[in-house]
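Asks: Quick one: structure below, then a few questions.
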Amino acid sequence: MVRDEEISRLISYVKGLGLTVTFCTSKEEDDSAAWYLDNTGIMINKQRNKSKIDTVLTLIHEIGHAKHNLWEKNREIDPTLENAIDHVDKAEELEQDSKKKQRKVLLNHEIGGTKYWNEIYHETNMKFPMWKLDLAKEYDVWQYEVFYETGSYPKYKERRKKHKELTKKYRKANV
């Protein structure tokens with residue numbers, strides 16, 4: 001019940017920013033969510049978000065991108081980001097390494113979006129423990145740092161290990 005109310009508040013928050021929220025169900029390998037580069041909306045893949053807290057954190061993540069675009073790019077499509085995404089997508093298609101410079105653009109974009117997470121948390125009156133937000137933020141940035149350094153995202157085992165490590169770190173600090 002509490003998570004449903006949080007999701008509802010986040011959807012209202014998105015609408016207040018002038019964006020739409022779409023929920024869909026698609027293939028398992030699809031992303032859990034997407035923020036549209038033209039800053040018109042957010043798509044949440046319900047199948048990839050296993051729990052309601054996952055959906056809440058995913059919404060906060062994508063709203064962070066929207067606010068970053070709103071406040072730092074004046075709602076304009078960022079051609080540098082668009083080029084970096086296109087480059088990385090094409091490199092994946094051709095099974096080639098992407099350029100580190102382009103991966104850095106993506107990392108910076110992710111970091112830029114996380115700057116707004118705490119603000120969104122407070123403005124929408126979230127009830128879950130703040131350490132879960134901090135954990136999600138650090139985990140997200142870590143994945144993009146690995147991608148930046150190596151050219152590929154961490155594998156499942158690596159992600160699980162890092163998530164356990166961060167859960168222990170944040171849970172212990174907040175007991």
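The values are calculated or read from the model by the stated rules, or taken from the named source; none is laboratory data. For clarity, every value in this text was computed on a predicted model and none was experimentally measured. No Cβ is skipped: glycine too gets one built from the backbone with ideal geometry, and neighbour counts run over all protein chains shown.
Asks: Considering only segment 60-72, I want to know if a residue exists there that is of a type in the set (Phe, Trp, Tyr), more than 20 Å from residue 4 (Cα to Cα) and touching a strand residue (DSSP E or B) at 6+ places or on another chain (Cβ under 8 Å).
Replies: We begin by selecting, within segment 60-72, every residue of a type in the set (Phe, Trp, Tyr); these are 71.
Filter once more, so that each one left must be more than 20 Å from residue 4 (Cα to Cα): 71.
When the remaining residues are screened for being touching a strand residue (DSSP E or B) at 6+ places or on another chain (Cβ under 8 Å), the result is none.
No, every residue in segment 60-72 fails to be of a type in the set (Phe, Trp, Tyr), more than 20 Å from residue 4 (Cα to Cα) and touching a strand residue (DSSP E or B) at 6+ places or on another chain (Cβ under 8 Å).
Asks: Still on this structure, please answer the following. Any idea which residue in segment 1-20 is surrounded by the most Cβ atoms within 10 Å (Cβ to Cβ), counting only those that are touching a helix residue (DSSP H, G or I) at 6+ places or on another chain (Cβ under 8 Å) and under 15 Å from residue 52 (Cβ atoms)?
Replies: We begin by selecting, within segment 1-20, every residue touching a helix residue (DSSP H, G or I) at 6+ places or on another chain (Cβ under 8 Å); these are 3-4, 6-7, 10-11, 13-14, 17, 19-20.
With the extra rule that they be under 15 Å from residue 52 (Cβ atoms), the set shrinks to 3-4, 6-7, 10-11.
On the way: 3: 16, 4: 11, 6: 22, 7: 19, 10: 25, 11: 19.
Among those that are touching a helix residue (DSSP H, G or I) at 6+ places or on another chain (Cβ under 8 Å) and under 15 Å from residue 52 (Cβ atoms), it is 10.
Residues checked against (1) among the hydrophobic types (A, V, I, L, M, F, W, C); (2) not in a helix (DSSP H, G or I):
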residue: 44; (1), (2): yes, yes
residue: 50; (1), (2): no, yes
residue: 59; (1), (2): yes, no
residue: 62; (1), (2): no, no
residue: 67; (1), (2): no, no
residue: 74; (1), (2): no, yes
residue: 83; (1), (2): no, no
residue: 89; (1), (2): no, no
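Asks: Taking residue 54, is it within 26 Å of residue 127 (Cα to Cα) and acidic (Asp, Glu)? Give the steps one after another, and end with the answer.
Replies: On the way: within 26 Å of residue 127 (Cα to Cα): yes; acidic (Asp, Glu): yes.
Yes.
Asks: Can you name the number of the only condition in (1) within 21 Å of residue 159 (Cα to Cα); (2) buried (at least 20 other Cβ atoms within 10 Å of the Cβ) that residue 139 fails?
Replies: (2)
Asks: Counting only residues that are modelled with pLDDT under 85 and assigned to a loop (DSSP other than H, G, I, E, B), which one in segment 10-35 is nearest to residue 121 (Cα to Cα)?
Replies: Taking the candidates together, the pick is 32.
Asks: Which residue, of 81, 133, 94, is over 30 Å from residue 171 (Cβ atoms) and either touching a residue at least 60 places away in the same chain (Cβ under 8 Å) or crowded, with 19+ Cβ neighbours inside 10 Å (or both)? So that I can check it myself, show each step before the final result.
Replies: Values: 133 fails: over 30 Å from residue 171 (Cβ atoms); 94 fails: either touching a residue at least 60 places away in the same chain (Cβ under 8 Å) or crowded, with 19+ Cβ neighbours inside 10 Å (or both).
Matching residue, one of 81, 133, 94: 81.
Asks: Here is a further query. Filter segment 146-172 for residues that are closer than 21 Å to residue 91 by Cα, surrounded by 14 or more Cβ atoms within 10 Å (Cβ to Cβ) and out of contact with any Leu (no Cβ under 9 Å at 6 or more places or on another chain) and give the result.
Replies: Start the filter on segment 146-172 by keeping residues that are closer than 21 Å to residue 91 by Cα, which leaves 146-155.
Going one step further and asking which of them are surrounded by 14 or more Cβ atoms within 10 Å (Cβ to Cβ), we end up with 146-148, 151, 154.
Passing the criteria: 146, 151, 154.
Asks: A further question on this structure: Could you check segment 96-151 and list, in sequence order, the residues that are more than 13 Å from the chain's Cα centre (by Cα) and part of a loop (DSSP other than H, G, I, E, B)?
Replies: Those that are more than 13 Å from the chain's Cα centre (by Cα) and part of a loop (DSSP other than H, G, I, E, B): 96, 97, 98, 99, 124, 125, 126, 127, 128, 129, 151.
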